[in-house]
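Beneath this line is the structure, given in structure tokens, with notes to follow.
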Amino acid sequence: MGEQLTGEDFNSLFRYFTDTAFRLEVQPVYTVTDERESFEEFLVGEPRPVTEFPFYAAWLDQIRTVTSQGRRVERVRVLEEPPTDYQRWEMWSGQYNIEAGEAIHYLTRSRAIEIDLPVQDDWWLFDGQRLALMRFTPDGEPLGGEIISEAETVAQHCLWWDLAVQHSTPATEHRTAP
């Protein structure tokens, strides 16, 4: 078992990677209090730029900082068919992540399963050496996670990273209007 982590621990790990940070997102919804207002505005068709929300603005500042230093931040989001309302919001709000320097791709859940990509837990892979495995309740509440550096497990996740990117589509082909 790896080192147990809280949400703040994940944020600290993100600041200290040297080359690449990759995330696989597989949950159909995330219950994040700081996103609620932006998500609700999106649902009623009146979204403000996510840069107006302190939580999201701080994340985007962090992305801009690390990508301006030549580090790569990339994620693949596994989408339901059709995407959930939350995933549609992520697709819309992702434009701000992309402007900050993050690379985002999408993959349908059926395709992810077809290529044997694991679709239970989210994870971050830092520099291809440290895995931050993240767990959630069925309704998207974060349950914490752990850092795993065991070579075989990390190597398997590196293969899944390559597989996910290879079979996904860039976010620019998936933007969703409010």
Can you tell which of 134, 54, 120 lies farthest toward the positive end of the dipole of the chain, using +1 and -1 charges on the Cβ of basic and acidic side chains (Lys, Arg; Asp, Glu)? 54
In degrees rounded to 10, the 0-90 angle between helix 54-68 Cα long axis and the longest Cα principal axis of the chain is 50 degrees
Putting +1 on Lys and Arg Cβ atoms and -1 on Asp and Glu Cβ atoms, find which of 39, 26, 154 reaches farthest to the positive end of the dipole of the chain. 154
Would you calculate the separation in nanometres between label points at residue 99 and residue 141, each defined as 7 Å from the Cα along the Cα-to-beta-carbon direction? 3.4 nm
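Starting from the Cα gyration tensor of region 3-173, take the square roots of the eigenvalues, sort them a ≥ b ≥ c, and report rounded, prolate or oblate (rounded when a/c is under 1.5, otherwise prolate if a/b is larger than b/c, else oblate). It would help to have the intermediate numbers written out before the result.
Values: a/c = 1.44, a/b = 1.22, b/c = 1.18.
It is rounded, given that a/c, with a ≥ b ≥ c, falls under 1.5.
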Between residue 68 and residue 113, how high is the FRET efficiency from 1/(1 + (r/R0)^6) when r is the Cβ-Cβ distance and R₀ = 30 Å? Nearest 0.05. 0.25
Dipole magnitude of region 1-139 about its Cα centre, charges +1 at Lys/Arg Cβ and -1 at Asp/Glu Cβ only, in debye to the nearest 20? 440 debye
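Values in this text are rule-based calculations from the coordinates and carry no lab data. None of these values were measured; they are calculated from a predicted model. Reconstructed Cβ throughout: ideal geometry from the backbone, glycine too, with neighbour counts over all protein chains shown.
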